[in-house]
There are 2 protein chains.
Amino acid sequence: MADDDGHPDIDEFDLSAVLHALADDNRRSVIAQLAAEPQGSEQFCSVFGLPWAPSTRTHHFRVLRTAGLIWQRDVGNGRMTRLRRDDIDRVFPGLLDSVLAADAATRARVA
Amino acid sequence: MADDDGHPDIDEFDLSAVLHALADDNRRSVIAQLAAEPQGSEQFCSVFGLPWAPSTRTHHFRVLRTAGLIWQRDVGNGRMTRLRRDDIDRVFPGLLDSVLAADAATRARVA
């Protein structure tokens with residue numbers, strides 16, 4: 001069962017929720033930035049360089065969290081975010097890699 | 001440039017639009033059913049066994065079409081639908097396969 005912060009167990013992962021979470025450029029950028037760090041790394045939400053107002057940021061991180069893509073925990077006045085790479089890869093093998101590759105190719109094409 | 005029916009050229013494919021189109025259970029079911037047919041097969045919209053009212057069906061097929069996932073053409077009183085598998089695979093290699101595999105695994109788990 002999902003915990004109080006809305007982190008689902010891996011047997012609750014929903015493909016539609018994961019694809020919806022990844023279907024936004026900025027949310028996908030968060031995941032791409034986390035995936036580029038050594039596995040298990042945590043980042044403060046503020047480091048992602050996103051154009052979101054605080055309330056919007058809360059919404060977008062909730063979408064990522066409730067889809068099972070990230071873990072978040074409170075640290076002082078901020079929240080640390082970590083990619084749930086092992087969990088996603090276990091439930092949907094190859095999915096995250098193919099989305100990240102498509103995302104990188106898209107950003108390279110636009111840049 | 002997209003044609004009058006909203007079919008995009010492959011250099012206009014947008015990853016967010018593709019993931020959004022695939023983030024709906026029933027839309028994904030259309031793509032899975034088309035992918036299960038021999039490549040290049042066309043199907044009438046009515047064969048997909050979906051719970052959509054006609055107006056909703058129009059909307060959902062437009063989402064799939066404008067994302068570049070399907071070709072549609074008018075035939076008599078109906079529309080034929082074909083998967084743009086080569087185009088999607090060229091622009092986003094491996095993406096459709098990983099989504100279809102995740103979809104099949106999900107449906108097997110639920111069934």
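The values are calculated or read from the model by the stated rules, or taken from the named source; none is laboratory data. Computed from a predicted model, the values in this text were never measured in an experiment. Reconstructed Cβ throughout: ideal geometry from the backbone, glycine too, with neighbour counts over all protein chains shown.
Structure values in brief
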quantity: Set A:S46, A:S41, A:S55: member being of a type in the set (S, T, N, Q) and touching a residue at least 40 places away in the same chain (Cβ under 8 Å); calculated: A:S41
quantity: The stretch A:64-111: number of residues that are away from chain B (no Cβ under 13 Å) and either polar (S, T, N, Q) or touching a His at 6+ places or on another chain (Cβ under 9 Å) (or both); calculated: 8
quantity: Candidate set from the stretch A:86-111 (those that are without any contact (Cβ under 8 Å) to a residue 40 or more places away in the chain and not in a helix (DSSP H, G or I)); member that is farthest from B:F13 (Cα to Cα); calculated: A:P93
quantity: Qualifying residues in the stretch B:24-48 (those that are more than 8 Å from every other protein chain (Cβ to nearest Cβ) and part of a loop (DSSP other than H, G, I, E, B)) - the one nearest to A:R27 (Cα to Cα); calculated: B:A36
quantity: Within the stretch A:49-79, considering residues that are modelled with pLDDT under 95 and among the aliphatic types (A, V, I, L, M), the one farthest from A:N26 (Cα to Cα); calculated: A:V75
quantity: Selected residue (criterion: nearest to A:V18 (Cα to Cα)) from residues of the stretch B:51-77 that are surrounded by 13 or more Cβ atoms within 10 Å (Cβ to Cβ) and of a type in the set (G, A, S); calculated: B:A67
quantity: Residue among A:A21, A:A17 that alone is within 12 Å of chain B (Cβ to nearest Cβ), surrounded by 14 or more Cβ atoms within 10 Å (Cβ to Cβ) and in contact with a Lys or Arg (Cβ under 8 Å, 6 or more places away or on another chain); calculated: A:A21
